[in-house]
Amino acid sequence: MNKTVLFLINGLGIEKADSCNVYNEQLMPNMDQLMNEHLFTSIATDTRDYNSGYQIFSMGNTDPLGYSFLENLIEENKFGESPNFNTFKNSLHSLDGTIHVFCLLDNERVVEHLKGFIRALEIDPNKKVFVHVVFPQKSLDDYKRLIKVLNKLNYDSLTQIKIGMIFGLGIIEQPEKSNELLDLGRMFFRGTGERWNELDKKLETLWGMKIVPREVKGFCVTEGFSLHDNDMIFIFNYEGIVCDRLLQLISNPPMSITHSVNTQTLRFQSLFPLRTTMQIPYLYEPLSSETSMAKALEQAGLTALVLADQENINLIYYMANGLTMKAPNDKVKFAVTDNGILFSQEKMSAIINDPNYQVIVINHRIDQATSVEELQAKLSQIDQNLAMVKGLCWEKYTLIVSSLFGIKKELSLGNRIGLVNFSGSVPVILVDKRYDKSLYKLSFGSIYTLLGTSIRCANPEMKFPTLLKKKDFLTRLLFKK
């Protein structure tokens with residue numbers, strides 16, 4: 001029976017030249033040995049987080065499904081085919097208040113979608129639409145493109161669109177940001193707060209202070225954006241984002257926010273369903289991907305067992321099934337690793353040798369480390385686990401060692417701060433006696449190709465994209481080892 005064990009060290013990548021020295025042979029001798037003795041390559045990845053890594057692995061990209069959906073509506077002028085859209089459009093014609101759009105601004109495509117959507121609503125050109133920008137980005141490098149995107153929204157958009165407030169997604173996601181959330185609420189209800197008309201300078205200041213976009217405290221751009229009776233709150237979302245804290249703040253503000261708004265007159269709507277306890281009406285049903293890990297496994301006649309900590313199982317489930325919590329099949333199973341089973345030889349032997357699973361995905365992660373010393377300790381421990389798993393797979397199953405993303409973050413290093421830069425590319429090692437180095441090689445590819453390789457090694461008859469290639473005659477002649 002063919003079987004693939006995919007051993008993921010999520011967060012580990014090829015160390016860049018500007019990174020402080022983290023990886024060495026003594027730190028991970030087992031991985032280093034596998035790298036030298038078996039098939040090895042590096043593959044490209046432009047993501048640095050668990051969420052995006054699993055989305056690429058399962059579906060091939062990180063674009064929300066709503067991107068292509070909205071682009072089709074705009075290009076084909078199909079908004080009018082939706083009864084929900086038409087009802088919403090008609091309701092805006094009699095709206096006494098202002099329209100407030102909360103939008104996760106990721107790139108220029110979002111600006112184009114927002115413009116096309118508002119144009120299709122045929123709102124009175126004299127009525128302002130305040131767009132409140134939410135930054136989801138997690139890297140300082142994102143400020144370069146954010147300046148361009150904000151300028152496009154501010155100056156190359158419909159005249160009625162005005163930027164109201166700007167803040168980071170972390171403000172509404174993280175409970176520990178309650179003070180920042182209250183400040184945001186005061187700004188929204190009162191229309192006063194830190195104001196920046198020159199967005200380039202503000203973003204340059206934030207970059208200089210090393211505050212990543214998603215952690216930015218709220219500030220305002222245009223006057224007159226404050227909340228009033230009968231206003232419409234519209235969430236321009238592509239996916240089921242969690243925004244309970246924001247919606248509760250607006251609909252039921254705490255006593256510390258003095259205001260004169262009758263919040264019972266406010267109306268709420270979203271583009272797609274939100275993951276929130278409030279019953280918010282939405283225009284379009286949730287989308288699911290035609291391509292996913294679950295569907296690929298079904299096509300190959302395989303079943304996978306994913307081993308992950310409790311914190312990430314729902315996320316992986318959502319990605320593996322194609323951006324839906326409604327599984328298209330039963331081809332992806334899960335086991336929780338918080339009880340330490342990854343380091344139990346007896347339990348891991350039972351799991352790896354279980355005939356019900358043809359693909360085993362083992363998840364380790366190093367991206368939560370807060371110091372270089374902690375990171376190195378994690379890598380050393382993972383390397384010991386790798387040695388055990390390699391022994392269980394040896395001469396029986398294919399073992400692939402890789403990562404879904406590489407981190408780039410500053411960590412404490414003694415009494416200073418050091419940059420750990422594993423971004424851009426991750427290693428791939430393939431260990432299997434069937435694939436001798438003199439006859440086979442690993443080519444370049446992407447994280448999505450890693451899924452195809454895992455499936456092909458378990459079922460060689462499938463035609464999924466793979467990193468594993470047979471060497472041609474000339475290559476075998478020139479490179480015998």
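The values are calculated or read from the model by the stated rules, or taken from the named source; none is laboratory data. Model, not experiment: these values are computed from the prediction. Heads up, the Cβs are rebuilt from the backbone with ideal geometry, glycines too, and the neighbour counts pull from every protein chain shown. Please note that ligands, DNA and RNA were not included when accessible areas were found on the heavy atoms of the full protein model with its side chains. Shrake-Rupley method; radii C 1.70, N 1.55, O 1.52, S 1.80 Å.
Tabulated results
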item	result
Under-5 Å amide H pairs with residue 43, H placed in peptide plane, nonlocal only	426, 428
Coarse-grained scattering of the stretch 385-434 at q = 0.28, 0.30 Å⁻¹, given as base-10 log I(q)/I(0) from a Debye sum over alpha-carbon atoms	-0.99, -1.05
Mean separation of Cα contacts under 8 Å, 6 or more apart, over the residue count of the chain: relative contact order %	29
DSSP-loop trypsin sites (Lys or Arg not before Pro) across the stretch 1-103, with at most 13 other Cβ within 10 angstrom	78
Percent carbon-and-sulfur accessible area, the chain, ignoring ligands, DNA and RNA, probe 1.4 Å	48
Degrees, to the nearest 10: 199-208 long Cα axis against longest axis of the chain	40
Coil-residue trypsin sites (Lys or Arg not before Pro) of the stretch 189-288, DSSP, other Cβ within 10 Å capped at 15	210, 275
Degrees separating the helix 372-393 axis from the principal Cα axis of the chain, which is the longest one	50
Cα-based convex hull, the stretch 244-384, per residue volume (Å³, whole number)	173
Accessible surface, per residue, of the chain when the full set of protein chains is kept, probe 1.4 Å, Å²	45
Mean ellipticity per residue at 222 nm, deg cm²/dmol - from DSSP H runs of n ≥ 4 across the chain, formula -39500 (n - 2.57)	-10500 deg cm²/dmol
Value of relative contact order over the stretch 238-325, rounded to a whole percent, pairs C-alpha under 8 Å and six or more apart	26
q = 0.22 Å⁻¹: log10 I(q)/I(0) that the Debye formula gives for the stretch 253-303, counting C-alpha atoms only	-0.91
Sequence-separation-based contact order of the stretch 156-272, relative, with Cα cut under 8 Å and 6+ spacing, percent	34
Mean projected area (nm²) of the alpha-carbon convex hull when the stretch 337-473 is viewed from all directions	10.1
Rounded D (µm²/s) - the stretch 1-150, Kirkwood Rh over Cα pairs, Stokes-Einstein at 20 °C, 1.002 mPa s	106
Kirkwood hydrodynamic radius of the stretch 166-324, Cα pairs, Å	18.5
Cα pair distances of the chain binned at 20 Å [whole percent]	22, 48, 27, 4, 0
Pairwise Cα inverse-distance average, inverted: Kirkwood Rh of the stretch 159-233 (Å)	13.2
Largest to smallest principal axis extent of the C-alpha atoms in the stretch 17-77, angstrom	61, 27, 18
Qualifying GluC sites (Glu not before Pro) for the stretch 113-214 [loop in DSSP, other Cβ within 10 Å: at most 16]	122, 194, 198
